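The values are calculated or read from the model by the stated rules, or taken from the named source; none is laboratory data. The model shown is predicted, which means the values in this text are computed figures rather than measured ones. Surface areas here come from the heavy atoms of the whole protein model, side chains and all, with no ligands, DNA or RNA. Shrake-Rupley method; radii C 1.70, N 1.55, O 1.52, S 1.80 Å.
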Amino acid sequence: MSRILLLLALGLVSLTLCLENIVTERDDGKFYKRNNIFILNDRNHPSFVNLYKYVFVYYKDQDGTDEDLEIRGKLEELAIALENITPKAFVAELDLSKEIFVDEKEMGVREIVGIQSTPHYKFYVSMSRGFDYKRDLKITEIVSYVKSKITLSSTEITTMDDFEQNYHSNRPLVTFIGEQGTDNYNAYQETAKLLMYDKNLTFTHVNSANLNPDLASSLGVTGPIKDYMIKVFNPNDNSASYSKPKVDHIELKDFIINAAFSDYATDELHILQEDTFAKILSYHKALLLFCPGTDEAMTKESEQVVNTFLPQLDTIGQSIFVFKASESKKLLNILGLDLTEQPQLWIMDFRDLEKDLQRYKFTGNTISLPLLTSFYNGWRENKLTVYFPPEPSKGGDYENGVLRLDQNIFYDVIRNPDFETMVFFYVDNCDVCDMFMPIYEKVAMELKGVNQIKLAKINMSMNTLQRQAGVEDNTKLPKVMFYPKSHLDTGLEFNSGVQEKDIISFLYKHKTLTTSEDEEINDDL
């Protein structure tokens, strides 16, 4: 018995390593709207403004105030007005006061968007960084502004500010420099229409009359322009210029694609880092990813197979990149992958803007050249089945007196004003978890009549929390946390023993909701 208690104590205090397979979602995924206005949060905001061609966003700090209700009324009218212009324009709102941060270093929407005060309005055009809207909040004024932004295939640059808003590190920028209205300018606009959504590029134009020295320097223009010049900037700050006497559609299209994506020629298996992944995501292409395993010999052998396969691919201007995943746990979480003994092959498909990320898993026991070729060809021919991770466990019911939680109800339960909750964070295939669970369930049954306290559990192998609520290190589970009203955000960790009386004593010491029965119970303790 003493040996079991020792194991339990060691497991709960030293926080056994049991959580290597947590999958962190890139965002909340689903968008919903109220009265024609999409309701965003800090997790799905990037996806929304990137997925849709035209988005007008209202950023606020408070919900339900008189000012907020007045603004929302106008925006509901705006949503209808924009729908009459184009079905691809949407209105959304984001309440900044409800942002959830994974850690203190994480930048929120306020910092990323550059919001100094609220209310703040921004108009996003085809994955641009967005344009601050500072005019009157009149429907006719906003509609006029939107029309001016969507009539051309490219955005006009007149100042350094405009250039900086359009050129950033995550996607290629194409710029026409010259007089507007010429045959070459019109041909450029037609080429832009073909490529801007298909290849996810930003297209801009600069009138020769606005090309001041500072702007010319930023664009890399060092001398006079005879007629026009087309510059292509890729995310690694490399640029290429096109200036034939007459713009040829096919030639210009091929030139832009090759220049924009030239950094990722597949001549060797490059390491995929987090910043590189962000760029590939913004290209809306596909990613053939080799993920090393913990078995070094098997990994080395499989990597040689992938390197042998690479010469068969010509990815310049094509739809797929090939990379080797770094061993960064954060990157693996972003990709939704686990580090396993055997190396893995995946195809991450970002090509369809109307769909979520499509993931395809190589299912062979070993990675061989014939199987890899078959896997790749199956993807190209749309013969592969999309991989879906296991569904999170359902919550809301009781098991042996313990309330079962899932990621959808976790925060609602711990913030319930009528009771305070202790939560056992456990994972699959964990001996310490299995040994502690009967003790925890026995305490739950003993406190069943105490309405101010609930004992709950959540399987972290099957659930992902936006904010871990005191469980910052996913490798250190199991863990027991108590969330009294005084510590809802951080929780109090229980590590005071492994016996029933230890848990009960801890609960009554730290709970803040009291009843007339508490005095008697404390006397018994």
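When the alpha carbon coordinates of region 368-438 are projected onto the principal axes, the ranges are 58, 29, 16 Å, largest first.
Computed over protein heavy atoms with a 1.4 Å probe, the carbon and sulfur contribution to the accessible area of region 24-99 reaches 46%. Beyond 20 Å between alpha-carbons counts as too far, so tell me which of Lys329/Lys476; Lys60/Lys134; Lys300/Lys324; Lys147/Lys253; Lys253/Lys324 fall in that bin. Result: Lys147/Lys253; Lys253/Lys324 exceed 20 Å.
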